[in-house]
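First the structure, in the form of structure tokens, and then the observations on it.
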Amino acid sequence: MIRVSAVLASVLALAPVGAASADYPDKPVRVVVPVAAGGGVDVMARLLAQKLSERLGQQFVVENRAGAAGVIGTKAVIASPSDGTTLLYTPSSLSLTVAVNKVAPYDVAKDLTPIVNVAISPYALVANPALPARNLAELIAYAKANPGKLSYSSAGVGSASHLAAELFKSMAGIEMVHVPNKGMNPALIDLIGGSVQVMFASVPGMMAEKARMHPIAMAEKKRSALLPDLATIDEQGLKGFEVANWAGLLGPAGLDGAIVKKLHDEIVAILATPDMQERIRTLGYDVIASTPEEFGAQTVHDVARWSEVVRKANVPVN
């Protein structure tokens, strides 16, 4: 009798877990966005939260927890229960922040559960029109013929635009002088004004000023729907070069696989609708809709890649 009771107790203990997964979400879900309200990542998170609320019959509420390059919001999610009621919608600074800190604030592989990489906002290598280079080969040739004369702007030390240029320098075997700024817009102003000759610009940020600069190459692995005629750096000969700002959904470590699958499948279905695809495109993103496994591999790969760039370029770390 004691043995039967013990088995029954075990079954009853396990039952609520399966039921909870099947009934998920049975309470409101908080989606933490570790950046300020109003930008593309925040708007996308709110669009997805609204659609998830409609489809799953439970409120998904976006909460902005900006600060410390996304660390504050990310740590809040890591410390939350792994029941699916707290999620993280984050840009790729999630991995970049680990690379530019002496002591990693978290471990992307162990502290979080990847769900879906939703979309990518591409970067493009652009030049001031006065620079006598119209494609990647000409730019590299010019840099090699004029060592130390090329300068590039960025959104700041340790930013994606900074590390992208350092990666490009290393892979192309050229030298360029870094002129950091406090944001993408000031960096674009320096490029347009001729203070610098090139930069890796956020494509959404540069589109309004496209006529005042010359796009050299797309930095993303594939061509972007935003600039479909612009060949990638990889296509133009620098094989393996790939830089973009992704935005994706994760949960705390230990999130139930059934919840991961449910959220992933719902979001993929949402992203397949023409309305959502158009909304994301207008925000300056290309839809990705990855698997959880692909997204997890991406976050880990980005940490390793950017850590190596930081090391080689002697980028100051926090």
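The values are calculated or read from the model by the stated rules, or taken from the named source; none is laboratory data. Computed from a predicted structure; not experimentally measured. Glycine also receives a Cβ, built like all others from the backbone with ideal geometry; neighbour counts cover every protein chain displayed. For accessibility, only protein heavy atoms count, side chains too; no ligands or nucleic acids. Shrake-Rupley method; radii C 1.70, N 1.55, O 1.52, S 1.80 Å.
When Arg55 is tested against the conditions (1) open to solvent by 40 Å² or more (accessible area, probe 1.4 Å); (2) within 29 Å of Leu163 (Cβ to Cβ); (3) at pLDDT 90 or above, the lone failure is (2).
Determine whether the range 265-277 contains at least one residue that is under 27 Å from Gly158 (Cβ atoms), among the polar types (S, T, N, Q) and free of Cβ contacts under 8 Å to residues at least 24 places away in the same chain.
The answer is no; no qualifying residue exists.
Taking the range 156-180 as the range and being crowded, with 23+ Cβ neighbours inside 10 Å and in contact with a Gly (Cβ under 8 Å, 6 or more places away or on another chain) as the test, only His162 passes.
State yes or no: is Pro147 surrounded by fewer than 22 Cβ atoms within 10 Å (Cβ to Cβ) and not in a loop (DSSP other than H, G, I, E, B)? When the stated conditions are applied, Pro147 does not pass them.
Suppose we filter the range 187-212 for residues that are in contact (Cβ under 8 Å) with a residue 24 or more places away in the chain, in a helix (DSSP H, G or I), of a type outside the set (A, V, I, L, M, F, W, C) and out of contact with any helix residue (DSSP H, G or I) (no Cβ under 9 Å at 6 or more places or on another chain); how many remain? Total meeting the criteria: 1. Residue count for the range 213-237 satisfying the condition of being part of a loop (DSSP other than H, G, I, E, B), open to solvent by less than 20 Å² (accessible area, probe 1.4 Å) and among the polar types (S, T, N, Q): 1. Residue count for the range 83-104 under the criterion of being farther than 22 Å from Ala164 by Cα, in contact with a helix residue (DSSP H, G or I) (Cβ under 9 Å, 6 or more places away or on another chain) and either open to solvent by 20 Å² or more (accessible area, probe 1.4 Å) or not aromatic (Phe, Trp, Tyr) (or both): the result is 5.
Selection of the range 191-212 for residues being buried (at least 21 other Cβ atoms within 10 Å of the Cβ) and under 25 Å from Gly148 (Cα atoms) yields Leu191, Val196, Gln197, Val198, Met199, Phe200, Ala201, Ser202.
If you go through the range 132-144 and keep only what is among the aliphatic types (A, V, I, L, M) and open to solvent by 10 Å² or more (accessible area, probe 1.4 Å), you end up with Ala137, Ile140, Ala141. Under the condition of being under 16 Å from Leu47 (Cα atoms), surrounded by fewer than 21 Cβ atoms within 10 Å (Cβ to Cβ) and among the aliphatic types (A, V, I, L, M), the residues counted in the range 238-272 number 5.
Considered as a group, the residues in the range 166-215 that are hydroxyl-bearing (Ser, Thr, Tyr) and within 24 Å of Trp306 (Cα to Cα) include one that is modelled with the lowest pLDDT, and that residue is Ser202. Condition first: open to solvent by 30 Å² or more (accessible area, probe 1.4 Å), assigned to a helix (DSSP H, G or I), free of Cβ contacts under 8 Å to residues at least 24 places away in the same chain and more than 27 Å from Ser159 (Cα to Cα). Can you find one or more residues in the range 289-297 that meet it? The answer is no; no qualifying residue exists.
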